[in-house]
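Taking it in order: structure first as structure tokens, then the write-up.
The values are calculated or read from the model by the stated rules, or taken from the named source; none is laboratory data. Values in this document were obtained by computation on a predicted structure and should not be read as measured data. Ideal geometry is used to build each Cβ from the backbone, glycine not excepted, and the neighbour counts take in all protein chains shown. To get the accessible areas, we keep the full protein, side chains included, count just its heavy atoms, and leave off ligands, DNA and RNA. Shrake-Rupley method; radii C 1.70, N 1.55, O 1.52, S 1.80 Å.
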Amino acid sequence: QVQLVESGGGLVQAGDSLRLSCAASRRTFSRMGWFRQAPGKEREFVARIWWSGGSISYPDSLKGRVTISRDIAKNTIYLQMNSLKPEDTAVYYCAASSRLSGQYDYWGQGTQVTVSS
């Protein structure tokens, strides 16, 4: 059973930065990503990284404020978020897939990020 464990969430003020981590129990994935879901809203794509080669993708709405990275030796990905806004408040989920496209197969339990104004 693959496990993804997120950490690094918390309560911050607007303008602050935060780095989330996601540790995978084993590395058999082709891609990993971050998603978020705010109360009453649909889950939203935040960032994706290909494990081999490190190709990265972000939605236009978040480009310039978030950075995804990986540590191959630790089977861990990170999400650096800067200039946080109250609308960034959400539960952030890590996801992984061994497939080249389509839905993600594995999800973490989520970590809460709350940005106060």
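Here residue 41 is the anchor, and the aspartates and glutamates within straight C-alpha reach of less than 14 Å, apart from those fewer than 8 places off in the same chain, are 87, 88. Only Lys, Arg, Asp and Glu carry charge here, each on its Cβ (+1 for the first two, -1 for the last two); on that basis the chain has a dipole of about 340 debye about its Cα centre. Heavy atoms of the protein chains alone define the surface here; on that basis the chain has 53 Å² accessible area per residue at 1.4 Å probe size. Farthest towards the positive end of the charge dipole of the chain, among the residues 115, 100, 89, is the Cα of 100, using unit charges on the Cβ of Lys, Arg, Asp and Glu. Using R0 = 35 Å, the C-beta based FRET efficiency linking residue 27 and residue 83 works out to 0.65. Using a probe radius of 1.4 angstrom, the carbon and sulfur fraction of the accessible surface of the chain is 45%. For the chain, the residue among 3, 73, 40 whose Cα projects farthest onto the positive side of the dipole built from Cβ charges is 73. Cross-link partners of residue 74 among aspartates and glutamates, defined as those whose alpha carbon lies under 14 angstrom from its own and excluding same-chain residues fewer than eight positions apart: 6.
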